[in-house]
Amino acid sequence: MLRTAEFVLGRNVRSVLDVGCGEGQWRAALRAHRPRLHYDGVDPSAYAVSRYGRARGLQLGGIEQLDTLSLREEYDLVVCCGMLNYLEAPALQRGLAQVARRVGGMAYLELFTSDDQFEGDTNWPAPRPAAWYRRAMRRAGLWPVGMQCYVASSARDRVSALERL
């Protein structure tokens, strides 16, 4: 996802917002490739933020609170990995709108649909069809470019017509 965001931007990623970051494990992986990268993590777990917040740049909050947190206006890369399926549809839609406002380059939004085969933890609301999620992304202002990556609709001309899905 780092390289894809850099392709979209035409330069190295300088800032990342990790929504639902847990303990902020993406920070080390991203900084291994971009040591000076600015990383902000947001997670609703008081434990994760109190234990790792200061050292890893984490803030207490959820996807629906992005507009109320002390965050940058835009990020080169916004990551939502392993958390979107846990949201009920209204919370997901409200959260996607807030994510879209922060996308200055690309967003990686991992979601499983009812059309997918998956294993593991499925203690979350029943997934919806892929078409439902596509509509939700478009309503939020996100344009798909493949591999669960999205650009803001206003920036969709950064990618060629064949890359836009």
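Looking only at the range 53-80, filter to residues that are without any contact (Cβ under 8 Å) to a residue 60 or more places away in the chain and of a type in the set (Ser, Thr, Tyr); which one of those is farthest from residue 7 (Cα to Cα)? Ranking the qualifying residues of the range 53-80, first place goes to 68. As a summary of the residue check, residue 83 satisfies the conditions (1) under 16 Å from residue 149 (Cβ atoms); (2) of a type outside the set (Asp, Glu); (3) open to solvent by 10 Å² or more (accessible area, probe 1.4 Å); (4) touching a residue at least 40 places away in the same chain (Cβ under 8 Å) except for the one numbered (1). Among the residues of the range 145-162, those that are over 13 Å from the mean Cα position of the chain (by Cα), open to solvent by less than 60 Å² (accessible area, probe 1.4 Å) and on the phi < 0 side of the Ramachandran plot comprise 145, 153, 155, 159, 160. Would the range 141-158 turn up any residue that is outside any strand (DSSP E or B), polar (S, T, N, Q) and in contact with a Leu (Cβ under 9 Å, 6 or more places away or on another chain)? Within the range 141-158, one or more residues are outside any strand (DSSP E or B), polar (S, T, N, Q) and in contact with a Leu (Cβ under 9 Å, 6 or more places away or on another chain). Filtered by the rule that a residue be in contact (Cβ under 8 Å) with a residue 40 or more places away in the chain and either under 18 Å from residue 43 (Cα atoms) or assigned to a loop (DSSP other than H, G, I, E, B) (or both), the range 104-125 gives 107, 108, 109, 125. Can you tell me which residues in the range 94-126 are surrounded by 14 or more Cβ atoms within 10 Å (Cβ to Cβ) and either over 18 Å from the mean Cα position of the chain (by Cα) or among the acidic types (Asp, Glu) (or both)? 110, the sole residue that qualifies. Number of residues in the range 133-143 that are without any contact (Cβ under 8 Å) to a residue 40 or more places away in the chain and surrounded by fewer than 18 Cβ atoms within 10 Å (Cβ to Cβ): the value is 3.
The values are calculated or read from the model by the stated rules, or taken from the named source; none is laboratory data. Note that the structure is predicted; figures quoted are calculated from it, not measured. With ideal geometry, Cβ positions are generated from the backbone for all residues, glycine too; neighbour counts draw on all protein chains shown. Only protein heavy atoms, including side chains, enter the accessible area calculation; ligands, DNA and RNA are left aside. Shrake-Rupley method; radii C 1.70, N 1.55, O 1.52, S 1.80 Å.
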